[in-house]
Each structure stands twice: as C-alpha cells, then as structure tokens.
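A.B. asks: The structure under discussion is supplied below as structure tokens; questions concerning it will follow.
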Amino acid sequence: MDIEKNKVTASEIEALLMGQENKEQREVLMRFFKTGKGEYGEGDEFLGLKVPQTRAIVKEAKGLITLDEIEKLLYSRWHEVRLAGFLLLVEEMKRNMPKSSDKGEGKSKKRKEVAEFYIRHARQANNWDLVDLSAQYVVGPYLRLDKNFNDEALLRLADSDNLWEQRIAIISTLDFIRNGKYDTTLVIADKLMTHPHDLIHKGIGWMLREVGKRDLSTLLQYLEERYDRLPRTSLRYAIERLPDSERKFWLNLHREG
C-alpha cells in the first residue's frame, strides 16, 4: 500500500479498503452485527475486513487527511469505511492531546473542532463497534480536558431518540473513569437506566464494572441504592468481577426486588 504523502483523500482510503474485500467474512460480520430486518444493524453493509486491516490503512493516513475528507468516509455505505473515518478522528484527537511541555492553547481549539465534528456526525456511528472504538477516545478526552466542563453535551446525547447517540453518551465516560472521575458515568447511567434496548443495558453495566475495578466502594454504594431498578443485564455486567458469592447475592436481591 502506498498513500501519497500530504494528499490523502476519502476515495483513496475507500479504494484501499475495498481492495481487501472478503465475501466470506462479510457474511459472518453481517450476522454478528445484526444486519437483518428488524435488527439493530438493519441494512448495514460490510466489505468483510477485520479491524486490524482497517487500522493498518488508518495508521498510514493519520495526520494527512482533512475533516472534509473524513466526513466523506463517515457517510460511506460500507461499515469498514465509516470505521476508518471514526478511527481517523481518534488519531486527530490523540495528535492534539496536551503535553507537559506545551501550553496547549492551539491544541485545545483543535480538540474542540474534532469533538464537535464527531458529535455533529455521531449518528453515522451506527453500530456498537463504531461507537466503542471511538467515543471514549474522542468525546471523552475533549470534555475531560475542557476548562468549562459540564455534562450538557453528554446529557443531550443521552436524551436523544437515537440509540447510537445514547450509547456514545455512556461509553464516552470511560475516559473519565480511567482518570478517576465517576460522577458523570453515574449520572448518565441513571438517565439511561429505563432504556428498552439491551445495547444500552450492556453499556451501562460495562461502565459500572469499570468504576468498580477502580473504586469498589463507589460501585457498591450505587448498587445498594439502585439494584432493584437496574436492568438485569446491566447488573450482571457490573458485578462480573466480584467474587461468586457476591454476584449471587446481588442477583438474588435483584430477583426478589
């Protein structure tokens, strides 16, 4: 593969991805990502690539493509091409994270531009892998580092009528969790607790589990106050790392509640 330096376009990236099309793997992915009629990924189309294949192309193109070209990738019919677009936004955010040696003002403006671009096109992350491989690395870091941080952007996403924007709201908080900030995760979990979809239940449970890995007392206090309202899937994910006896305790308590 040979991407001409400083002249990377969406069409070039899409052509490189399409050149690795695998029809057999495509069928596997379409079943795995629930693309059938009435399923959450209905109508999504795959080339049949594995994630490392897409990452390899992104690695060569990072820093050499404009947001305008990335936007074209995000609106491709092909799942893997959209993934490339979101991974390139991840790389843009990484390139503009502050370092101890700089004041970061210019980088702050760029982070804002990238994050707002991501949120503007968030509905194009229309399957859970697109969300999970990008939101925590784009929206999360931007909001955590924003001097004027508040929960409004994530609350708006959580209030959306779009499943993927709602999943972005909860998964973005993984960056906060990694940096010892748990309040936003718990607020978003509360807001989404009554959501009907299993993908949101799993997202809530995953984030609660991550909180518990770092601060078990915070997780246990949250469970004590809400165990009877949490979806059972969320509870199962949240307590996954607890000893077997404690898992049984919480599951029995939930059943009785």
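The values are calculated or read from the model by the stated rules, or taken from the named source; none is laboratory data. Note that this is a predicted model, so its numbers are computed, not measured. Cβ sites come from the backbone with ideal geometry, for glycine too, and all protein chains shown count toward neighbours. Side chains included, ligands, DNA and RNA excluded: accessible areas come from the protein's heavy atoms. Shrake-Rupley method; radii C 1.70, N 1.55, O 1.52, S 1.80 Å.
A.B. asks: For Glu39, work out the one condition from (1) in contact (Cβ under 8 Å) with a residue 40 or more places away in the chain; (2) exposed (fewer than 15 other Cβ atoms within 10 Å of the Cβ) it doesn't fulfil.
C.D. replies: All conditions pass for Glu39, except number (1).
A.B. asks: Return yes or no: is Arg144 closer than 20 Å to Ala125 by Cβ, crowded, with 16+ Cβ neighbours inside 10 Å, among the charged types (D, E, K, R) and at pLDDT below 95?
C.D. replies: Yes; evaluated as a whole, the condition is true for this residue.
A.B. asks: Scan (1) basic (Lys, Arg); (2) in contact (Cβ under 8 Å) with a residue 24 or more places away in the chain; (3) open to solvent by 50 Å² or more (accessible area, probe 1.4 Å) for the single condition Lys99 breaks and write down its number.
C.D. replies: Every condition holds for Lys99 apart from (2).
A.B. asks: Of all helices (runs of 4 or more DSSP H) completely enclosed by region 192-257, which ones contain at least 3 residues that are modelled with pLDDT of 95 or more and crowded, with 19+ Cβ neighbours inside 10 Å?
C.D. replies: Values: elements: 198-214, 216-226, 232-238, 244-256.
Answer list for region 192-257: 198-214, 216-226, 232-238.
A.B. asks: Still on this structure, I have one more. Starting from region 116-136, keep only residues that are more than 18 Å from Asp161 (Cα to Cα), then list their pairs with residues that are at pLDDT 95 or above and open to solvent by 20 Å² or more (accessible area, probe 1.4 Å) whose Cβ atoms are within a distance under 6 Å, requiring at least 6 positions of separation or different chains.
C.D. replies: Note: pairs meeting the criteria are Phe117/Leu67.
A.B. asks: Go through (1) in contact (Cβ under 8 Å) with a residue 40 or more places away in the chain; (2) under 20 Å from the mean Cα position of the chain (by Cα); (3) farther than 15 Å from Trp128 by Cα; (4) open to solvent by less than 70 Å² (accessible area, probe 1.4 Å) one by one and return the number of the condition Tyr75 breaks.
C.D. replies: Exception for Tyr75: condition (4).
A.B. asks: Just wondering, is there one or more residues in region 161-176 that are open to solvent by 40 Å² or more (accessible area, probe 1.4 Å) and part of a helix (DSSP H, G or I)?
C.D. replies: no
A.B. asks: If you go through region 110-136 one residue at a time, how many are in a helix (DSSP H, G or I) and either within 8 Å of the chain's Cα centre (by Cα) or among the charged types (D, E, K, R) (or both)?
C.D. replies: Filtering region 110-136 for residues in a helix (DSSP H, G or I) gives 110-120, 122-124, 128-132, 135-136.
Then drop every residue that is not either within 8 Å of the chain's Cα centre (by Cα) or among the charged types (D, E, K, R) (or both), which leaves 110-113, 116, 120, 123, 128-132, 135-136.
Count: 14.
A.B. asks: Here are Ile57, Ile13, Ile65: which of them is farther than 26 Å from Asn162 by Cα, assigned to a loop (DSSP other than H, G, I, E, B) and not charged (D, E, K, R)?
C.D. replies: Answer to the selection: Ile65.
A.B. asks: Further, regarding this structure: For region 46-70, name all the residues that are open to solvent by less than 60 Å² (accessible area, probe 1.4 Å) and among the charged types (D, E, K, R).
C.D. replies: The answer is Glu69, and nothing else.
For every residue, the table says whether it meets (1) modelled with pLDDT of 95 or more; (2) surrounded by 16 or more Cβ atoms within 10 Å (Cβ to Cβ).
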| residue | (1), (2) |
| --- | --- |
| Val114 | yes, yes |
| Arg120 | yes, no |
| Gln124 | yes, yes |
| Trp128 | yes, yes |
| Leu133 | yes, yes |
| Val139 | yes, yes |
| Asn148 | no, no |
